[in-house]
Amino acid sequence: MTKSEKSWEKRLTGQPDELMVDFVQSLTYDKRLYKYDIVGSIAHAQMLAEQNLITMDELKKIKDGLLEISQEIDQGRFEFDARLEDIHMAVEAALIKKIGDAGKKLHTGRSRNDQVSTDIRLWMRDQIEILRAKITLLQNGFVKMADKYADDVMPGYTHLQRAQPIAVPAYLLSFVEQFERDFIRLGNCSKLLNISPLGSGALAGSTLPLDRKSTAKQLGFSDISYNSIDAVSDRDFCAEFVFDCALIMAHLSRLAEDWIIYSSGEFDFIRIDDSLCTSSSMMPQKRNPDVLELIRGKTGSVYGSLMAMLTILKAQPTGYNRDLQEDKIHVFNASDIVSSSLDMAAAIISHTKFNTKKISAGLEEGFLDATALSEYLVVKGVPFRQAHGIVGSLVADCEKAGKKLADLGLDEFKKYSTLIEADVYQQLGVANIVSKYTTEGSAGPKQAKEQIAYWQKQLAQR
Ligand code: ARG
């Protein structure tokens, strides 16, 4: 590429350093913005024509040329030359080559600084809708599964120690809640980013009579930005988007951790279908949950992108700085990982079975009914702290004797509290307890069934 082809570098003498050219280019990763770049350019050209800054004939040439370029890229016929730095220059250079002088007018009243911010916003707005659809799909998977196991009970854990019995659907729906917040968060992010920076130029706007509202309207933005300096340097929406991605990964990673544990021989609570398991190159018996481990592992990369994104913004002087070019690496990385991880999580959900027999066989282990027994004593008038102590002693003694609470005779119970009556046996045993949860939002089957109905209705409306 000669100097004359890089029209925007006339100011510089001699040839650019080759290593530098490679170092500053972003074309290898920002080429995926091409459709948005072209759509943005068409809107900009349309506005230039409306404002008599270009003729209708020039507008037609620009539009036709850009659409041809779009097709060439679609079909893999476009030659990307990294010496052109980025997708903006690659498209513009191709346009000028194609249509000549009219192409040279496209960049009137525009800088790559407002252009790139426009492109990322347009891309992100679409990508958020894709991610929200994937979240909905995953939520539907959980709800379907919750419905399938509507009457099953499992141990609930705190500190990964057996805590209280919970309905299997309540456990599954806990993820639907987490992903619902992600769905809302991404929607909020989309609303906030949906303003047009186009017309802010390099940082100070333009002396030309650009109609910013026209381009904003054409591109579906809800408003224009009102400070050109902020508009070209703002990447808050990128940090926010990557944060939203990081939190989705946190939720997926917690699910992955649960299910890696649940699928172990020690737990054996679930069985993931063979089609989604891997094996070992050495140990022939292995069925490994590598997909879940990779979801957990890839979370690190998304967190890394969040830290990178925040650090890129830190300490930049006011205005556009080339540091900002790095934003896309992290935005794309976070988005790609979340996108594939959501797909894989949805696949796992629809290909996993709960070993309900195995789970219920072990339900009476671990004193899951101890808290309910304390509450039984509370109803009999014992202050909770005292009831907690009584049941603590009961559990310690039972453990020594190798017994369950329900194994004790009434006379034995009476030694701990004379208030314990024969009705105590209705408050012991896992099956009795889950049906007795009464607070709204409890982890019992009754509440879970209400929530299944709620989510079925809610998700069907999307
Ligand atoms: N490739 C650049 C980016 O991604 C476009 C803006 C470059 N602007 C500039 N004045 N060098 O941020």
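The values are calculated or read from the model by the stated rules, or taken from the named source; none is laboratory data. On a predicted model such as this, the values are computed, not experimentally measured, just so you know. Glycine also receives a Cβ, built like all others from the backbone with ideal geometry; neighbour counts cover every protein chain displayed. Heads up: the accessible areas ignore ligands, DNA and RNA and are worked out on the full protein's heavy atoms, side chains in. Shrake-Rupley method; radii C 1.70, N 1.55, O 1.52, S 1.80 Å.
Could you list, ordered by first residue, the pairs with Cβ atoms under 6 Å in which the first is in the stretch 385-402 and at pLDDT 95 or above and the second is among the hydroxyl-bearing types (Ser, Thr, Tyr), at least 6 apart or interchain?
Close Cβ pairs satisfying both conditions: ALA387/SER374; HIS388/SER374; ILE390/TYR416; ILE390/SER417; VAL391/SER374; LEU394/TYR416.
When you go through LEU95, LEU84 one by one, which is the residue that is within 16 Å of the ligand (Cβ to nearest atom), out of contact with any Cys (no Cβ under 7 Å at 6 or more places or on another chain) and within 30 Å of ASP17 (Cα to Cα)?
On the way: LEU95 fails: within 16 Å of the ligand (Cβ to nearest atom).
LEU84 is the lone residue from the list that is within 16 Å of the ligand (Cβ to nearest atom), out of contact with any Cys (no Cβ under 7 Å at 6 or more places or on another chain) and within 30 Å of ASP17 (Cα to Cα).
For the stretch 50-66, state whether one or more residues are of a type in the set (Ser, Thr, Tyr) and within 15 Å of the ligand (Cβ to nearest atom). Spell out the reasoning first.
Taking the stretch 50-66 and keeping what is of a type in the set (Ser, Thr, Tyr), we get 55.
From the residues that got through so far, the ones that are within 15 Å of the ligand (Cβ to nearest atom) too are none.
No - not one qualifying residue is present in the stretch 50-66.
Taking GLN71 as meeting all but one of (1) under 32 Å from the mean Cα position of the chain (by Cα); (2) away from the ligand (no atom under 16 Å from the Cβ); (3) not in a helix (DSSP H, G or I), write down the number of the exception.
(3)
In the set ARG112, ARG121, which member is within 16 Å of the ligand (Cβ to nearest atom), at pLDDT 95 or above and open to solvent by less than 40 Å² (accessible area, probe 1.4 Å)?
Working: ARG112 fails: open to solvent by less than 40 Å² (accessible area, probe 1.4 Å).
Exactly one residue qualifies, and that residue is ARG121.
Tally time: how many residues in the stretch 28-39 are more than 15 Å from GLY76 (Cα to Cα) and touching an Asp or Glu at 6+ places or on another chain (Cβ under 6 Å)?
3
Would you tally the residues in the stretch 143-183 being acidic (Asp, Glu) and either open to solvent by 70 Å² or more (accessible area, probe 1.4 Å) or assigned to a loop (DSSP other than H, G, I, E, B) (or both)?
First pass over the stretch 143-183, keeping only residues acidic (Asp, Glu): 147, 151-152, 177, 180, 182.
Those still in the list that are either open to solvent by 70 Å² or more (accessible area, probe 1.4 Å) or assigned to a loop (DSSP other than H, G, I, E, B) (or both) too: 147, 151-152, 177.
Here the count works out to 4.
For the stretch 184-218, give me the residue count where each residue is within 27 Å of the chain's Cα centre (by Cα) and either open to solvent by less than 30 Å² (accessible area, probe 1.4 Å) or at pLDDT below 95 (or both). Quick ask: steps written out before the conclusion?
First, pick out the residues of the stretch 184-218 that are within 27 Å of the chain's Cα centre (by Cα): 184-197.
Checking which are either open to solvent by less than 30 Å² (accessible area, probe 1.4 Å) or at pLDDT below 95 (or both) leaves us with 186-187, 189-190, 193-194, 196-197.
Of the residues in that region, 8 qualify.
If you check PHE237, PHE243, PHE221, which single one turns out to be within 16 Å of the ligand (Cβ to nearest atom), more than 26 Å from SER360 (Cβ to Cβ) and at pLDDT 95 or above? Before the answer, list the steps.
Working: PHE243 fails: within 16 Å of the ligand (Cβ to nearest atom); PHE221 fails: within 16 Å of the ligand (Cβ to nearest atom).
Of the residues listed, the single one that is within 16 Å of the ligand (Cβ to nearest atom), more than 26 Å from SER360 (Cβ to Cβ) and at pLDDT 95 or above is PHE237.
For ARG385, only one of the following conditions fails: (1) within 30 Å of TYR149 (Cβ to Cβ); (2) open to solvent by 60 Å² or more (accessible area, probe 1.4 Å). What is its number?
(1)
Which of the residues belonging to the stretch 263-295 are in contact with a Lys or Arg (Cβ under 9 Å, 6 or more places away or on another chain) and in contact (Cβ under 8 Å) with a residue 12 or more places away in the chain?
Correct list: SER263, ASP268, PHE269, ILE270, ARG271, ILE272, ASP273, ASP274, CYS277, THR278, ARG287.
Which ones in the stretch 81-139 are of a type in the set (D, E, K, R), over 30 Å from MET249 (Cβ atoms) and assigned to a helix (DSSP H, G or I)? Before you say what the answer is, go through the steps one by one.
The initial filter retains those residues of the stretch 81-139 that are of a type in the set (D, E, K, R), namely 81, 83, 85-86, 92, 97-98, 101, 104-105, 110, 112, 114, 119, 121, 125-126, 129, 132, 134.
Applying the additional criterion that residues be over 30 Å from MET249 (Cβ atoms) yields 81, 83, 85, 92, 97-98, 101, 104-105, 110, 112, 114.
Scanning the stretch 81-139 gives ARG83, GLU92, LYS97, LYS98, ASP101, LYS104, LYS105, ARG112, ASP114.
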